[in-house]
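First comes the structure, then the notes that go with it.
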Amino acid sequence: MEHYFQKVEESAAYLKAKLQTPPKLLLVLTGGLQKFLETIKDQQIFKSTEISHFPAPKAEGHTGQIIFGRFQGLPVAVMMGRSHYYEGLSPQEVVFPYFVFNKLGVDQLITTNAVGGIRTDLKGGDIMAVTDHINMMGTNPLIGISVLTPSDQFTSMQKAYDPEWIKMAQKIAKQNKVVLKKGVFLGTTGPSYETPAEIKAFRSLGADTVGMSTIFEIITARYLKMRVLTLNMIANPSADRHKGEMTHKEVLQTIQKSQEKMVRLLKGVVSALVQK
């Protein structure tokens with residue numbers, strides 16, 4: 001762990017030497033949202049395995065490609081998928097890319113994920129802006145990292161999901177005729193889906209959606225002082241409301257059917273950021 005920031009410097013230096021323009025905004029797209037890439041100009045495409053110390057995603061639907069380019073002139077980076085704790089990585093390995101992107105100049109983060117809908121009004125194909133989260137991952141990615149710096153070792157998680165950006169996303173959604181709900185996301189390690197009893201417990205805790213990612217990256221983004229917007233794609237009803245066996249195939253099919261409105265919303269949100 002003591003060489004963590006040295007590795008960050010090495011990876012950042014590798015990318016700096018190759019990039020035409022360092023990014024300001026990072027977008028993390030869950031599997032199935034490839035259509036957003038049609039909006040990116042001057043693309044430079046990397047595989048995560050090309051970049052030293054970067055983890056290689058193994059989850060189905062996550063390509064591991066990283067695309068650098070411009071969206072209406074704004075320098076952006078797009079991660080096609082992400083790495084997950086359930087792949088056998090440490091939390092610190094999962095969040096390593098975010099330290100590198102921040103070193104390159106990224107101070108804005110938009111993430112998407114496929115989740116289960118705990119709240120009874122959430123159904124497959126819905127989109128929800130995350131207002132807060134509950135960490136049920138059992139650990140924290142900053143363990144062993146934050147203490148490597150002499151100050152700012154303890155990170156506030158208040159307003160981790162930027163309230164102004166949520167309001168902006170709601171406005172953009174309305175303009176684009178997309179229904180955007182709001183709520184609390186709960187993260188678990190996976191890779192098994194939750195039991196009906198667990199879902200009932202999570203609902204009593206105030207969770208509206210549940211998934212197997214996102215928590216680590218948002219904690220890290222908060223540590224790095226990034227502004228964050230997270231959009232949940234409801235892929236299926238949660239275990240206690242689900243008819244039949246839960247499968248990843250169902251998740252991918254729902255995302256495929258819903259990607260058009262999510263991409264429309266993302267385009268609108270990023271366009272609004274360009275104009276600020």
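Throughout, read-outs are computed from the coordinates displayed, never taken from laboratory work. The structure displayed is predicted, hence computed values, not measured ones. Positions of Cβ are generated from backbone atoms using ideal geometry, with glycine treated the same way; all protein chains shown enter the neighbour counts.
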Problem - Principal axis dimensions, region 160-245 - Cα atoms, whole angstrom, descending - result: 37, 34, 21
Problem - Cβ-Cβ FRET estimate between Phe154 and Arg241, R0 fixed at 30 Å, reported to 0.05 - result: 0.20
Handout entry: Under 20 Å from Lys167, Cα to Cα: lysines that are on another chain or at least 8 residues apart
Key = Lys159, Lys177, Lys181, Lys182, Lys225, Lys261, Lys267, Lys276
Completion exercise
Ordered by fewest other Cβ atoms within 10 Å, a rough proxy for footprinting exposure, Ile234, Ile134 read Ile134, Ile234
Practice task
May I ask which residue of Ala221, Gly244, Gln170 lies farthest towards the positive end of the charge dipole of region 163-254, with charges of +1 (Lys, Arg) and -1 (Asp, Glu) on Cβ and the Cα centre as origin?
Solution key: Gln170
Problem - Debye, to nearest 20: dipole size of region 4-275, +1 on Lys, Arg Cβ, -1 on Asp, Glu Cβ - result: 900 debye
Problem - aspartates and glutamates whose Cα lies under 19 Å from that of Lys103, excluding same-chain neighbours fewer than 8 positions away - result: Glu2, Glu9, Glu10, Glu50, Glu93, Asp152, Glu217
Handout entry: Eligible aspartates and glutamates near Lys243 by straight Cα distance, threshold 15 Å, same-chain separation 8 or greater
Key = Glu194
Practice task
Residues in region 1-45, backbone N under 18 Å from the label point at Glu164 (7 Å along the Cα-to-beta-carbon vector): list them, ranges by number please.
Solution key: 24-26
Problem - Under 5 Å, built H, 5+ apart or other chain: amide partners of Lys182 - result: Ala129
Completion exercise
In whole Hz, the Karplus estimates of ³J(HN,Hα) for region 153-166 (6.51, -1.76, 1.60; θ = phi - 60°; x where Gly or Pro) are 7, 10, 9, 6, 10, 6, 6, 4, 9, 4, x, 5, 5, 5
Problem - Ranked Thr254, Thr209, criterion: other C-beta atoms within 10 Å, fewest first - result: Thr254, Thr209
Exercise for the section: Give the long-range amide H neighbours of Gly64: residues separated by 5 or more places, or on another chain, with amide H under 5 Å away, using H modelled in the peptide plane at 1.01 Å from N. Expected result: Met80
Problem - Under Karplus coefficients 6.51, -1.76 and 1.60, residue-wise ³J(HN,Hα) of region 262-276 in Hz, glycine/proline x - result: 5, 5, 4, 5, 4, 4, x, 5, 5, 4, 5, 5, 4, 7, 6
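Using only helices, what value at 222 nm comes out for the chain when you add -39,500 (n - 2.57) per DSSP H run of length 4 or more and divide by the total residues, to the nearest 500 deg cm²/dmol? The partial results should precede the final answer.
On the way: 7 runs with 88 residues, N = 276.
Calculated at 222 nm, the ellipticity per residue is -10000 deg cm²/dmol.
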Completion exercise
Within the chain, excluding any GluC sites (Glu not before Pro) found in a DSSP loop (not H, G, I, E or B) and having at most 13 other Cβ atoms within 10 Å, the longest uninterrupted segment runs 61-244
Fill in the blank from the handout: Non-local residues with an amide H under 5 Å from the amide H of Lys58, with H modelled 1.01 Å from N and Pro and chain starts lacking one, are His84
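Calculate, for Ala56 and Gln6, the FRET efficiency according to 1/(1 + (r/R0)^6) with r their C-beta to C-beta distance and R0 22 Å; round to the nearest 0.05. Please report the intermediate quantities before stating the final value.
Working: r = 21 Å, r/R0 = 0.94.
In this case the efficiency is close to 0.60.
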Practice task
Please get the size of the charge dipole for region 39-131, origin at its Cα centre, with Cβ charges of +1 on Lys and Arg and -1 on Asp and Glu, quoted in debye to the nearest 20.
Solution key: 120 debye
Exercise for the section: Determine the dipole magnitude for region 103-256: charges of +1 sit on the beta-carbon of Lys and Arg, -1 on that of Asp and Glu, nothing else is charged, the reference point is the Cα centre, and the result goes in debye to the nearest 20. Expected result: 480 debye
Practice task
Taking the dipole about the Cα centre of region 4-275, with the C-beta of Lys and Arg at +1 and of Asp and Glu at -1, give me whichever of Gly190, Ile145, Val100 is farthest to the positive side.
Solution key: Val100
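Could you tell me which chymotrypsin sites (Phe, Trp or Tyr not before Pro) in region 102-176 are loop residues by DSSP with no more than 13 other beta carbons within 10 angstrom of their beta carbon?
Phe154
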Exercise for the section: Please name which of Ile134, Thr63, Gln20 has its Cα lying farthest along the dipole of the chain towards the positive end, using unit charges on Cβ (Lys, Arg +1; Asp, Glu -1) and the Cα centre as origin. Expected result: Gln20
